[in-house]
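J.: The following block contains the structure, expressed as structure tokens.
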Amino acid sequence: MAKRNQFSMSSEERRLRHFSVSFKTEKIKEIQQGKTKVSEICKEYEVSASNVYRWIEKYGQMKKKKIRMVVETESDTKKILLLKQRIAELEQIIGQKQVPNRV
């Protein structure tokens with residue numbers, strides 16, 4: 001990660017800069033495609049990593065598509081189905097035991 005003494009601009013000059021939305025989205029696309037890294041963008045444009053991660057959060061493709069990736073193995077799926085069946089069986093048993101108590 002870039003250190004403050006490596007920057008050529010003063011902190012005041014860096015604060016006064018503004019990057020366009022098109023610039024930010026272009027850099028985020030490069031990161032998501034694996035063409036560049038966050039640290040490289042930080043060094044090249046003298047931007048903090050936290051700012052780049054904010055750009056990713058705001059302009060990243062995964063955020064726009066609201067995609068959520070869930071990886072589930074076959075054994076997990078089988079286990080979930082078995083547990084759901086067991087819950088249904090137990091609910092049925094509880095229901096049968098409560099019927100005689102009401103009479």
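J.: Can you list the HN-Hα couplings for the stretch 31-48, worked out from phi with the Karplus curve (6.51, -1.76, 1.60; θ = phi - 60°), rounded to whole Hz and with x for Gly and Pro?
T.: After applying 6.51 cos²θ - 1.76 cosθ + 1.60, I find 5, 5, 8, x, 6, 8, 10, 4, 4, 5, 5, 4, 5, 5, 10, 6, 10, 6 Hz.
J.: Need the full-extension length gain, Leu83 to Glu40, defined as separation in residues times 0.36 nm minus the C-alpha distance. One decimal, nm.
T.: Once the chain is fully extended between Leu83 and Glu40, it gains 10.7 nm.
Just so you know, all these numbers are worked out from the coordinates, no wet-lab data involved. What you see is a predicted model, and the numbers here were worked out from it, not measured in a lab.
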